[in-house]
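Nothing in this text is a laboratory measurement; each read-out follows from the coordinates by a stated rule. These numbers were taken from a predicted model, which means no experiment stands behind them. Please note: Cβ atoms are built from the backbone with ideal geometry, for glycine as well, and neighbour counts cover all protein chains shown.
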Amino acid sequence: MKHRSDRREFFKIIGGAVVAPCMLRAAGAATMGISSAFAEPSDQLVLGPEAIPNLPIGVPSGLHPGRVVWTYDPKATAWAGPGQGHWWEGEHTNQSVVDHMLSGTIQNLAGKSGDAKAWDAVIKHFNESHGNGSTGYRQGEKVTIKVNLVGCLAGGAVDAKTYDLVHDLDYMNASPQVILALIRQLVHVAGVRQQDISVGDPLAQFPNQFYGPLYSEFPNVNYLDHNGGNSSSPRTAVKYSTVPFHWSSRPSGAAQDYVPVAYAEAKYIINMANLKAHTLAGVTLCGKNHYGSLIRRPSDRGYYDLHSSLPGISRGSGHYRTLVDLMGHAHTGGKTLLSMIDGLYPGVHPSGHLPRKFSSPPFNGQWASSLLASQDPVAIDSVALDFLRAEWNDYPHMSGVDDYLHEAALADSPPSGTFYDPDHATGTTRLASLGVHEHWNSPQAKQYSRNLGKPDGIELVRVGAA
């Protein structure tokens with residue numbers, strides 16, 4: 001399938017913007033160890049135009065091209081709110097329901113009956129699309145799971161001596177129940193040995209409250225940690241490989257970035273993000289989840305400042321976006337077998353320290369209790385963006401919030417004119433389209449082009465009580 005021929009008109013239509021007097025404050029971020037560089041540089045939120053429905057751009061990917069599975073089950077989340085324990089505790093998030101949700105998600109993504117057949121189909125498609133033939137999982141191949149533990153940034157909310165999470169205990173981190181469900185699937189269904197799995201957030205620490213239930217069931221998994229834990233509770237310390245990461249903006253004078261060892265050694269990566277709005281990026285989903293993959297912080301002195309290309313700073317459309325490089329590098333997006341979004345308890349990073357309930361149907365004032373999954377990294381973020389835009393009228397509507405999706409969908413000929421090639425020091429081989437982007441027809445119908453019987457675009461498959 002080819003790009004839409006009318007994409008110039010598309011970008012002409014979305015070029016406008018309006019300004020709303022919404023103060024952008026990253027209040028209390030320092031208590032979490034989150035860099036003040038997350039704070040917005042302006043006192044005003046610049047809003048973009050309304051989204052144009054059902055105008056797909058890019059080339060869909062996946063076993064079923066452009067398919068995104070949304071699984072919803074309100075029985076997964078029974079947390080009464082702050083002061084009533086913590087959302088991640090077993091009595092508040094139901095592990096068996098989450099296990100069932102993930103099973104249904106994988107089966108519907110592959111279009112197969114049974115978890116084993118579904119994983120085999122997903123892995124075979126990945127290998128076929130990467131020129132490895134129609135091969136399934138082979139024992140010894142390594143799998144790295146990038147989760148989002150941004151509320152546990154090194155030097156912040158985790159006590160250095162005990163490794164307990166002691167601040168912002170209800171922050172919107174990756175759910176241990178979803179991580180456990182995924183590891184169970186990989187080990188018991190896909191046949192991956194524990195020692196061949198690495199899971200964590202290279203930028204963060206892995207606190208006892210999340211690590212404990214995972215380690216008790218899977219002690220031989222490599223639990224990635226920025227610091228490596230402590231003497232009484234060791235983790236796997238993240239280290240850099242010799243594989244370079246280059247920014248397609250070609251910044252001068254910036255220290256060289258490298259991918260972590262766990263990424264360089266992996267055959268497959270599973271990108272497990274959270275469903276969150278963001279005060280500087282508008283949203284933080286699968287694309288931005290890889291900000292944590294570089295071990296160093298996004299704005300560390302001497303390195304290229306990853307925040308400079310976010311829409312809170314670089315507003316509007318047709319700009320270079322670092323997220324495209326992260327989505328396209330051979331050892332990050334290029335190895336991504338599965339993109340997932342944990343949407344059990346959404347929120348706003350970094351200004352909000354508690355999850356927020358969703359008001360629209362079918363949520364009706366309750367927790368989102370959702371999982372999203374896709375083999376198309378552009379499509380899944382497009383769908384998640386639409387969910388967040390339907391709930392909140394501020395950050396997800398930021399001017400340029402979906403510009404990285406335009407750039408990624410059209411990476412081989414992007415509106416910005418950038419030569420996207422994060423694998424080489426100079427532009428050598430352009431990235432191909434990384435997936436398909438469009439917006440749904442309405443928050444009520446939630447239909448994309450393929451749901452409407454058209455051959456192009458996104459297909460949203462609903463599972464569960466939705």
| query | Peptides 246-255, 333-342: what's the order by average Cβ count within 10 Å, highest mean first? | reply | 333-342, 246-255
| remark: His319 neighbourhood, Cβ < 10 Å, K/R = +1, D/E = -1, net charge 0
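When ranked by the protection proxy of mean other Cβ atoms within 10 Å per residue, highest first, what sequence do the peptides 448-459, 381-392, 291-302 form?
On the way: 448-459: 19.6, 381-392: 24.2, 291-302: 18.1.
Ranking, from highest mean packing down: 381-392, 448-459, 291-302.
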| remark: Diffing the stretch 55-72: the Karplus 3J(HN,Hα) column from phi (6.51, -1.76, 1.60, θ = phi - 60°), in whole Hz with x for Gly and Pro, holds 10, x, 10, x, 10, x, 10, x, 3, 10, x, x, 6, 10, 9, 10, 10, 10
| field | Nearest-20 debye value, the stretch 7-464 charge dipole, Cβ charges on Lys, Arg, Asp, Glu | value | 460 debye
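Could you calculate the contour length gain from Asn393 to Ala254, that is, 0.36 nm times the residue separation minus the distance between their Cα atoms, to one decimal place in nm?
Values: separation 139, 0.36 × 139 = 50.04 nm, distance 3.64 nm.
Net length gain for the segment: 46.4 nm.
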| message | If you split all Cα-Cα distances of the chain into 20 Å bins from zero, what percentages do you get per bin, shortest first? | response | 26, 63, 10, 0
| remark: Contour minus Cα-Cα span, Gln44 to Ala465, at 0.36 nm per residue, comes to 147.7 nm
| Put a dot 7 Å past each Cα toward the Cβ at Lys75 and Ser96; how far apart are the dots in nm? | 0.9 nm
| query | Plugging the Kirkwood radius over Cα pairs into Stokes-Einstein for the stretch 270-373, at a temperature of 25 °C and a viscosity of 0.890 mPa s, what D comes out in µm²/s? | reply | 164 µm²/s
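Under the Kirkwood approximation for Rh and a Cα-based Rg, what ratio Rg/Rh is obtained for the stretch 62-192? Write down the numbers at each step before the final one.
Numbers: Rg = 17.6 Å, Rh = 16.9 Å.
Taking Rh as the inverse mean 1/r over Cα pairs, Rg/Rh reads 1.04.
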| query | If the chain between Glu89 and Asp300 were fully stretched, how many nm would it gain, using 0.36 nm times the residue separation less the Cα-Cα distance? | reply | 72.6 nm
| request: Report the dimensions of the stretch 386-451 along its three principal axes from the alpha-carbon atoms, largest first, rounded to Å. | output: 45, 28, 17
